[in-house]
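Just below is one structure, and these are the notes that go with it.
The values are calculated or read from the model by the stated rules, or taken from the named source; none is laboratory data. Quick caveat: nothing in here was measured; it's all calculated off a predicted structure. Using ideal geometry, Cβ is built from the backbone for each residue, glycine included, and neighbour counts are taken over all protein chains shown.
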Amino acid sequence: MVDRPRLRRKNDRGHATLADDELNARSKLTTHEGFLPDVDMRSSWARRFRDAVALHASDMGGSENLTEAQRSIIRRMALIQTELEFSEMKIAQAREDDHEPGGIRLDRYRQMSETLRRLAESLGLHAGRHARDVTPRGDQTARVIDGLVNGRYAGAGR
């Protein structure tokens, strides 16, 4: 049976509310203290999952810049990606043993791949990384060249 918080007081409208200490209680997932509470994160699957979360978060500018919705999508992407990678290993092992991997496994692989693609698109990760244009404008170019010629530009003389 699930422990449910008891309603302790009523608000100004007379509706029951949770006690303040119960409102402040947060899960490990919410406080970002643990990826998968109660899971041994030393397994190869868990380590790969954790790495995938970190890499996807990095692609989005770092975990500190993510909304909770983006974090949630990234966790789903990491789980699917990890499962796909382990499925690839199982398929390769079946092929090595001269066995067919099985239609169900391949169908599941296809479905997970499509889901991963859609999740990546929803975060804008489908387009890949693009180089920023850092070419100085005309007036900036003249100042940089003048600074280099006259030794006033940082890094000149190296």
### Query
Can we say Gln93 is surrounded by 10 or more Cβ atoms within 10 Å (Cβ to Cβ) and at pLDDT below 95?
yes
### the range 65-124: number of residues that are in contact (Cβ under 8 Å) with a residue 12 or more places away in the chain and outside any helix (DSSP H, G or I)
0
### Task
Filter the range 65-87 down to the residues that are farther than 15 Å from Leu125 by Cβ and within 11 Å of the chain's Cα centre (by Cα), then identify the one that is surrounded by the most Cβ atoms within 10 Å (Cβ to Cβ).
Leu79
